[in-house]
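Structure first, commentary second.
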């Protein structure tokens, strides 16, 4: 492969927000009309999960998007938000984004043997600025009602209050109030490197410039002594981690830490967290979906130091390790399946939500996933009869 420098501007000129949105399952909302903006939605009806309002629908190089909650960005932002779905490898988040853009642009994936000036510039422009945010401690006697809406009890909030703040974005002219913030740290100090943010109406975001590559929300419940932590429970969001803690409180001990990756899995997030706790074992508590199982496999590969290629197939997830190729069923626990093919020393644990629930917060809310009903025998006969009659029509 020819070695060359990454030109993000050239890649962005070829790949629009709409291209990536279509690949992620978004569809054009024709009812919203077509003009200077178009709307693309993920899901429909009661299952509508997201809406993107995209500018310049006929000019890919100029396309940006925004949501009605105030979040906005360009094609790089959308890729970064969904990086886990693209199954690309790289030393850091920016290398992975470049590979995704190259694939959409039908260009060779870049090698990284030279300094990437544009990436460095992008990094410096995306540094977290703490002065942008007003932050105050969470008052355990005045707990925001959002927690109750998510099924999280006041007792759970009070226990985890030292790791939660209230946060206000001084640059947001549309909302003057405070949201709930979960500080990201990197283990080098207690200084926040960003925040995972949650608010009313399903609002979720991250503070601008948050370090999602090597920092995470970490709640150490051992009175702050990292040497005493024996279990580290990884979740995809801080609310999921709180729900996991509440749902399993009677089985958990105080020699533990809760971790949220904030919806993005970065290698350095995981290895950085585990380097803080030298005597701990990691647990995969990720969601019950394909992305969650991929996160679990990547965690095993990282902590076992096993180079692993993961790809999706009709039968499940195909895993390639050196000269071995095998398929993993995402519906079953990983450990037993991997041990048939690999010598696993560390044995990353799994503590998944019950199979009926997508994640731990849904489990806490008793909100099961929609499972297609299996027709009864008499219904199957009726359907078969109708299909046969239909085939006779001319």
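Bear in mind that the values in this text are calculations on the coordinates, not laboratory data. From a predicted model like this one, the values you see are computed outputs, not experimental measurements. Here Cβ is always computed from backbone atoms with ideal geometry, including for glycine, and neighbour counts include all displayed protein chains.
Brief remarks follow.
- Cα centroid separation - segment 45-99 against segment 198-254, whole Å: 25 Å
- Rounded FRET efficiency, nearest 0.05, which uses the C-beta distance separating residue 339 from residue 312 and R0 of 22 Å: 0.50
- Pairwise FRET efficiency - residue 321 versus residue 355, Cβ, R0 = 25 Å, nearest 0.05: 0.40
- Considering all different alpha carbon pairs of the chain, the Kirkwood hydrodynamic radius works out to 23.1 Å.
- Length-normalised contact order of the chain in % [C-alpha pairs under 8 Å, at least 6 apart]: 10 percent
- Peptides 71-83, 162-174, 287-299 ranked from most to least packed by the mean count of surrounding Cβ atoms within 10 Å: 287-299, 71-83, 162-174.
- If R0 equals 25 Å, the separation of the Cβ atoms of residue 271 and residue 347 corresponds to a calculated FRET efficiency of about 0.90.
- Residue 155-residue 191 pseudo-label distance in nm [points 7 Å out on the Cα-to-Cβ vector]: 3.9 nm
- Label zone at residue 64 (point 7 Å along Cα-to-Cβ), backbone N below 14 Å, segment 8-31: 17
- Packing rank of 27-35, 327-335, where each peptide gets the mean count of other beta carbons within 10 Å, highest leading: 327-335, 27-35
- Packing-based ranking of 257-264, 57-64, 18-25 yields 257-264, 18-25, 57-64, ordered from highest to lowest mean Cβ neighbour count within 10 Å.
- Projected onto their three principal axes, the Cα atoms of segment 251-355 cover extents of 40, 29, 25 Å, largest first.
- Residue order, fewest to most beta carbons within 10 Å, for 104, 277: 104, 277
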